[in-house]
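Following: one structure in structure tokens, then a few remarks.
The values are calculated or read from the model by the stated rules, or taken from the named source; none is laboratory data. Nothing here was measured: the structure is a model prediction, and the numbers come from that model. Ideal geometry is used to build each Cβ from the backbone, glycine not excepted, and the neighbour counts take in all protein chains shown.
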Amino acid sequence: MSIAINAISKRFGDFVALDNLQLDIASGELLALLGPSGCGKTTLLRIIAGLETPDQGQILFHGEDATDTHVRERQVGFVFQHYALFRHMTVFENVAFGLRVRPKKTRPSETEIKRKVHELLSLVQLDWLADRYPAQLSGGQRQRIALARALAVEPKVLLLDEPFGALDTKVRKELRRWLRRLHDEMHITSVFVTHDQEEALEVADRVVVMNKGKIEQIGTPEQVYDAPATPFVYQFLGDVNLFHSRVHDGWAEVGAARFAAEAGDSDKAVVYVRPHEIELSRVATDKAIAGVISHSRLLGATVRLEVDVKDAEVVEVELTRERYQEGGWQVGEPVWLNPREARVYPAA
Amino acid sequence: MAFKQHSVLPGFKLSLGYTLLYLSLIVLLPLAALIIKTSHLDWAAFWSIVTEPRVMASYKVTFGTSLLAALINLVFGLLIAWVLVRYPFPGKRLVDALVDLPFALPTAVAGIALATIYAPNGWIGQWFEPLGLKIAFTPLGIVLALTFITLPFVVRTVQPVLQDLEKELEEAAASLGATRGQVFYKIIVPTILPALLTGFAMAFARAIGEYGSVIFIAGNMPYVSEITPLMIISKLEQYDYLGATAIACVMLAVSFALLLVINGLQWWTAKRLGRRK
């Protein structure tokens, strides 16, 4: 089912959580709402679910106005960050809950409920835990049960609020791949909220980057990563080095290096360079930035160097381990930095 | 020793020793004395004292009215706790403080005040008199006094649990299609049930032992509105110490059994809820 979010605004007291937001979600897509905490992404998700009402604007489900529809009737499945499983019920009863609370006329028979719950439990690969209580499960298992519970009512839309936020890194990675596979099988329109850019880029069909109640950019993971529309998006999607500069005749200068600037001339501009897009060299070239290696840190397969540059903050450079060993770089050594890619934005 | 455990907190032996000594002196010693004193009676004499018709009637009054009062507070205590936790309203802190008043007020004062108001010529009593309903000086009056005295127990045990109840549980249930009623019966009640039972048990136990407030409003008519504590007092006034302790022993045994049952029930529900995360 497609969802249209039409000029939605929401305030909490003086705080503007959502500011005139416009967003279309296609039927069957997996969409990520990405942004720092307080950017309004969870509020937006809760408004889509009907757990929160917007001050202004409309929510359309499949072209029909659902703004005033109660969460009970919206047919959305909601998965909470902290699972929100019913502690006094077994896993089986948790998943069966949505079927059991139906009015008598539409409630399935006991055998039908049993069949359905076991089917869902095998879908999340936890059929063997049916008689346990939530307190006896691990975090990852609880979240999968919460998902099975949400799917039991055959929702038209699946909404997930930081579904993997409370899990440790390894489980989180496993679960997001599993969610992606699940979505590929079921094709249910899904929206999930996250502050983890890696998660959003890995799982989603499209990513919506939000900041301060507004949408910064909407696009596929490749689009938002390779062609960030705003400095915020560039900064938020990965590590970044920042140089202050100014644009003159279409060029921004940083030390001896020059970068093409799409924006017009301005006195103040910022140049962003990603740490892995910088080449190190021992030979001075006319387009390189001079500095001294002040630190090196091994991060598994990559090595991160900190380089002190005159008139700038510390610049981070990321190398693969092989490149680092081939180069034989030493702390204290003078080097020249050649950025391969850079983006120039007018400074705010 | 087998039960000794290593702990980062020092002073285990000292604090445990103190706890045991304290409980022995304050709780166990008087109770033991009561039982020892009673054991001077032979079985037949004991039995005839505790099954005397007037005493039997007083058991009915005491346990019946106490149960009723505790049940009333189970319902209305939950309601008060619910309102105090869920809704903001002006004067909320004042209402919150008022709940504790029955704890602070001398029970005799409560008894006299209630008796005056609900007497056939009192402020409220006069409206019930023409309807043929007497409140003061009947078992109904006893229920009223006990309800007043035990009001805080259910409120104060349920309130914090209700406060901690995750909003998300209700939201999850609603998103799964549950109505408000279903959310209440299937999600909220099971979660607060242990606290409700604890409050109920404490209110009940307190009501059984209540003397001060009841005595003024009960009317103390033999076979109708005499409570068991009054039977003990009247035996004492006749210097019948053995008779008094015999009845006291029965009270002790019944109270203990009731607390045991209710705590068992509470333990069972808490176990079903599992550990909190």
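When you look at residue A:222, is it exposed (fewer than 14 other Cβ atoms within 10 Å of the Cβ), acidic (Asp, Glu) and either out of contact with any Leu (no Cβ under 7 Å at 6 or more places or on another chain) or not in a loop (DSSP other than H, G, I, E, B) (or both), yes or no? So residue A:222 fits the description; yes.
Is it true that residue A:169 is touching an Asp or Glu at 6+ places or on another chain (Cβ under 8 Å) and hydroxyl-bearing (Ser, Thr, Tyr)? No, not satisfied.
Can you list the helices (runs of 4 or more DSSP H) lying wholly within the stretch B:44-142 that have 2 or more residues being in contact (Cβ under 8 Å) with a residue 60 or more places away in the chain? Give the steps one after another, and end with the answer.
Numbers: elements: B:53-86, B:92-98, B:101-104, B:107-118, B:125-128.
The qualifying helices (runs of 4 or more DSSP H) are B:53-86, B:107-118.
In the stretch A:189-217, what residues are β-branched (Val, Ile, Thr) and under 20 Å from residue A:143 (Cα atoms)? I'd like the intermediate steps shown before the answer.
Step one: filter the stretch A:189-217 for residues β-branched (Val, Ile, Thr), giving A:189, A:191, A:193-194, A:203, A:207-209, A:215.
Listed by number, the residues that qualify are A:189, A:191, A:193, A:194, A:203.
Residue-level check: of (1) buried (at least 21 other Cβ atoms within 10 Å of the Cβ); (2) more than 14 Å from chain A (Cβ to nearest Cβ); (3) without any contact (Cβ under 8 Å) to a residue 24 or more places away in the chain, residue B:253 misses just (1).
Scan the stretch B:207-217 for residues that are crowded, with 18+ Cβ neighbours inside 10 Å and either at the interface with chain A (Cβ under 10 Å from one of its Cβ atoms) or outside any loop (DSSP other than H, G, I, E, B) (or both) and the total you get is 7. Restricting attention to the stretch A:83-126, the residues that are modelled with pLDDT of 90 or more and not in a loop (DSSP other than H, G, I, E, B) total 23.
Would you call residue B:34 outside any loop (DSSP other than H, G, I, E, B), more than 30 Å from residue B:159 (Cα to Cα) and in contact with a Cys (Cβ under 8 Å, 6 or more places away or on another chain)?
On the way: outside any loop (DSSP other than H, G, I, E, B): yes; more than 30 Å from residue B:159 (Cα to Cα): yes; in contact with a Cys (Cβ under 8 Å, 6 or more places away or on another chain): yes.
Against the criterion (outside any loop (DSSP other than H, G, I, E, B), more than 30 Å from residue B:159 (Cα to Cα) and in contact with a Cys (Cβ under 8 Å, 6 or more places away or on another chain)), residue B:34 qualifies.
Please go through the stretch A:248-276 and pick out each residue that is over 17 Å from residue A:234 (Cβ atoms) and among the aliphatic types (A, V, I, L, M). The answer is A:256, A:257.
Checking the stretch B:227-241 against the condition returns no match, with no residue being in contact with a Gly (Cβ under 8 Å, 6 or more places away or on another chain) and of a type in the set (Gly, Ala, Ser). Counting just the residues of the stretch A:325-346 that are surrounded by 15 or more Cβ atoms within 10 Å (Cβ to Cβ) and hydrophobic (A, V, I, L, M, F, W, C), which one comes out farthest from residue A:234 (Cα to Cα)? Among residues in the stretch A:325-346 that are surrounded by 15 or more Cβ atoms within 10 Å (Cβ to Cβ) and hydrophobic (A, V, I, L, M, F, W, C), the one farthest from residue A:234 (Cα to Cα) is A:329.
Check every one of the helices (runs of 4 or more DSSP H) wholly within the stretch B:149-188 and list those with 1 or more residues that are surrounded by 23 or more Cβ atoms within 10 Å (Cβ to Cβ). Reasoning before the result, please.
Details: elements: B:151-164, B:167-175, B:180-183.
Ranges flagged: B:151-164, B:167-175.
Restricting the first member to the stretch B:156-172 and to residues that are farther than 11 Å from residue B:191 by Cα and within 11 Å of chain A (Cβ to nearest Cβ), and the second to residues that are surrounded by fewer than 20 Cβ atoms within 10 Å (Cβ to Cβ) and not small (Gly, Ala, Ser), the beta-carbon pairs closer than 7 Å and six or more apart or on different chains are B:168/A:82. Hey, any hits in the stretch B:189-203 for a residue that's surrounded by fewer than 19 Cβ atoms within 10 Å (Cβ to Cβ), away from every other protein chain (no Cβ under 14 Å) and under 26 Å from residue B:84 (Cα atoms)? No, the stretch B:189-203 has no match at all.
Yes/no per residue for (1) acidic (Asp, Glu); (2) crowded, with 16+ Cβ neighbours inside 10 Å; (3) not in a strand (DSSP E or B):
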site	(1), (2), (3)
A:279	yes, no, no
A:298	no, no, no
A:306	yes, yes, no
A:319	no, yes, no
A:323	no, no, yes
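Once the stretch A:105-162 is narrowed to residues that are free of Cβ contacts under 8 Å to residues at least 24 places away in the same chain and of a type in the set (Val, Ile, Thr), the residue that is nearest to the other protein chains (Cβ to nearest Cβ) is A:106.
Of all residues in the stretch A:13-30, those satisfying the criterion of being among the hydrophobic types (A, V, I, L, M, F, W, C) and over 17 Å from residue A:49 (Cβ atoms) are A:15, A:16, A:26. Of the residues making up the stretch B:218-241, those that are surrounded by fewer than 15 Cβ atoms within 10 Å (Cβ to Cβ) and in a helix (DSSP H, G or I) number 4. Restricting B:67, B:94, B:98 to residues that are modelled with pLDDT under 95 and touching a Phe, Trp or Tyr at 6+ places or on another chain (Cβ under 8 Å) narrows the list to B:67. Considering the stretch A:41-82 alone, what residues qualify as being in a loop (DSSP other than H, G, I, E, B), within 14 Å of chain B (Cβ to nearest Cβ), modelled with pLDDT of 90 or more and surrounded by 20 or more Cβ atoms within 10 Å (Cβ to Cβ)? Passing the criteria: A:50, A:51, A:80.
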